[in-house]
Amino acid sequence: MERRARVKAYAKINLDLHVLNRRPDGYHELRTVYQTISLADDLEISFRTARQSRITADCDLEIPDNLVVRAAELALEAMRVRGEVWMRLRKRIPMGAGLGGGSSDAAAVLLALPILANRPIALEKMIELACCLGSDVPFFLLGGTALGVGRGEEVYPLPDLGRARGLLVAPELHISTAEAYQALGRGLTLAAPENIISSFQSCIWHRSVGTPGSGGTPWGSNDFEAAVFARHPRLRRLKRKLARLGAEPAQMTGSGSALYGIFHTKEDLETAFTRFRRERIFPFEFLSRAAYHARWRRCLREFASEEGWPPRSRQARQGTTS
């Protein structure tokens with residue numbers, strides 16, 4: 001019997017991003033604050049048991065390294081089941097823009113497939129699989145506001161911020177992560193004690209209410225901006241325009257190229273929307289962890305129980321795959 005669901009794979013922005021020292025394994029140590037937002041890709045996925053596993057993906061854009069297919073392969077292996085998996089992905093999150101679209105798509109497969117297959121995967125195992133797929137993927141198993149350390153794959157929940165609305169400006173400019181790190185060069189944040197957990201991150205932990213940029217609530221920064229802006233001056237101009245129109249803050253997300261502005265009045269947001277109408281823009285709102293989980297349960301309500309996280313199938317066998 002085939003089981004099918006339509007789910008959303010939500011984007012993220014980085015509220016704070018510091019690149020520390022290069023580690024012995026060649027990766028850079030990061031300190032970042034992630035935030036899920038309402039912009040999302042659409043994923044339709046189905047599963048049916050079969051003698052041999054087969055995965056078919058219908059994507060309107062090529063996903064780097066075919067992350068959704070790889071996620072399905074890892075999930076089937078972890079669940080120890082054979083089956084036919086069919087996926088249709090419709091991209092709305094710009095790629096190569098620092099919004100985590102490919103990572104979110106992969107996480108969506110990890111969350112949905114165990115429910116459709118009636119074979120739950122323990123959260124610890126799911127995080128392990130997510131780490132194999134990319135540094136941002138584990139965050140999308142959690143959602144809301146979270147601190148990311150290590151390569152960004154070690155994720156710790158932070159108190160959700162207040163409701164906020166903003167505007168994404170996503171130029172038709174693809175910036176690879178490797179290019180961004182190369183451009184960063186020596187402009188790394190020194191690994192001083194105050195950078196281990198930045199003052200912004202500490203303040204979020206102690207102040208669980210309020211929207212950053214308003215009422216004295218501090219905001220973060222992005223170490224990639226100076227290096228990326230030097231190579232792509234247009235991005236600096238777009239950021240300044242957001243700020244002039246009332247965005248507080250205006251900042252680049254990830255390693256670029258997308259920028260976002262948080263607006264504290266409806267009028268300022270509407271004005272910015274009009275002034276940026278010739279650009280590729282996306283209005284958005286913050287998704288708290290509770291809202292993120294609720295939206296997932298709503299997408300899977302036909303099959304999933306209403307309690308616990310990650311979602312579990314109502315018909316799942318006792319125990320989990322670990």
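The values are calculated or read from the model by the stated rules, or taken from the named source; none is laboratory data. It should be emphasised that the depicted structure is a prediction, and the values quoted were computed from it without experimental measurement. As a convention, Cβ positions derive from the backbone with ideal geometry for all residues, glycine included, and neighbour counts pool all protein chains shown.
Mind listing just one residue for me: the one in the stretch 133-187 that is closer than 28 Å to Arg237 by Cα, modelled with pLDDT of 95 or more and surrounded by fewer than 21 Cβ atoms within 10 Å (Cβ to Cβ) and, of those, nearest to the chain's Cα centre (by Cα)?
Top of the filtered list is Arg165.
Do you know which of the residues in the stretch 230-273 that are closer than 25 Å to His18 by Cα and among the polar types (S, T, N, Q) is surrounded by the fewest Cβ atoms within 10 Å (Cβ to Cβ)?
Across the stretch 230-273, the extreme among qualifying residues is Gln251.
Being farther than 27 Å from Ala227 by Cα and free of Cβ contacts under 8 Å to residues at least 12 places away in the same chain narrows it down to one residue among Glu285, Glu270; which is it?
That would be Glu270, the only listed residue that is farther than 27 Å from Ala227 by Cα and free of Cβ contacts under 8 Å to residues at least 12 places away in the same chain.
When the residues of the stretch 87-140 are filtered to those that are in a loop (DSSP other than H, G, I, E, B) and of a type in the set (Gly, Ala, Ser), which remaining residue is nearest to Thr49 (Cα to Cα)?
Ala117
Which of the residues spanning the stretch 43-56 are under 27 Å from Gly144 (Cβ atoms) and buried (at least 22 other Cβ atoms within 10 Å of the Cβ)?
The answer is Leu43, Ile45.
Restricting attention to the stretch 104-157, which residues are of a type in the set (Phe, Trp, Tyr) and in contact (Cβ under 8 Å) with a residue 24 or more places away in the chain?
Across the stretch 104-157, the qualifying residues are Phe139, Phe140.
Here's a check for you: in the stretch 299-313, which residue that is under 23 Å from the mean Cα position of the chain (by Cα) and surrounded by 15 or more Cβ atoms within 10 Å (Cβ to Cβ) is farthest from Leu116 (Cα to Cα)?
Here the answer is Trp309.
Find the residue count for the stretch 25-42, including only residues that are assigned to a strand (DSSP E or B), surrounded by fewer than 20 Cβ atoms within 10 Å (Cβ to Cβ) and modelled with pLDDT under 95.
Residues meeting the conditions: 2.
So that you can scan it fast, the table gives a plain yes or no per residue for (1) in contact with a Leu (Cβ under 6 Å, 6 or more places away or on another chain); (2) at pLDDT 75 or above; (3) of a type in the set (D, E, K, R):
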{"site": "Ser202", "(1), (2), (3)": "no, no, no"}
{"site": "Pro218", "(1), (2), (3)": "no, no, no"}
{"site": "Glu225", "(1), (2), (3)": "no, yes, yes"}
{"site": "Arg240", "(1), (2), (3)": "no, yes, yes"}
{"site": "Gly261", "(1), (2), (3)": "yes, yes, no"}
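Show the residue pairs that are 6+ apart or on different chains and have beta-carbon atoms under 6 Å apart, the first residue being within the stretch 225-243 and within 17 Å of Ala178 (Cβ to Cβ), the second being modelled with pLDDT of 95 or more and surrounded by 16 or more Cβ atoms within 10 Å (Cβ to Cβ).
none
Each row is one residue, and each column tells you yes or no for (1) aliphatic (A, V, I, L, M); (2) in contact with an Asp or Glu (Cβ under 6 Å, 6 or more places away or on another chain); (3) in a strand (DSSP E or B).
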residue: Lys241; (1), (2), (3): no, no, no
residue: Gly246; (1), (2), (3): no, yes, no
residue: Gly256; (1), (2), (3): no, no, no
residue: Gly261; (1), (2), (3): no, no, yes
residue: Glu267; (1), (2), (3): no, no, no
residue: Ala272; (1), (2), (3): yes, no, no
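Is it the case that some residue within the stretch 43-53 is in contact with an Asp or Glu (Cβ under 7 Å, 6 or more places away or on another chain), in contact (Cβ under 8 Å) with a residue 40 or more places away in the chain and part of a loop (DSSP other than H, G, I, E, B)?
For the stretch 43-53, residues in contact with an Asp or Glu (Cβ under 7 Å, 6 or more places away or on another chain), in contact (Cβ under 8 Å) with a residue 40 or more places away in the chain and part of a loop (DSSP other than H, G, I, E, B): absent.
Has the stretch 59-80 got at least one residue that is without any contact (Cβ under 8 Å) to a residue 40 or more places away in the chain, buried (at least 23 other Cβ atoms within 10 Å of the Cβ) and within 23 Å of Arg151 (Cα to Cα)?
Scanning the stretch 59-80, I find no residue that is without any contact (Cβ under 8 Å) to a residue 40 or more places away in the chain, buried (at least 23 other Cβ atoms within 10 Å of the Cβ) and within 23 Å of Arg151 (Cα to Cα), so the answer is no.
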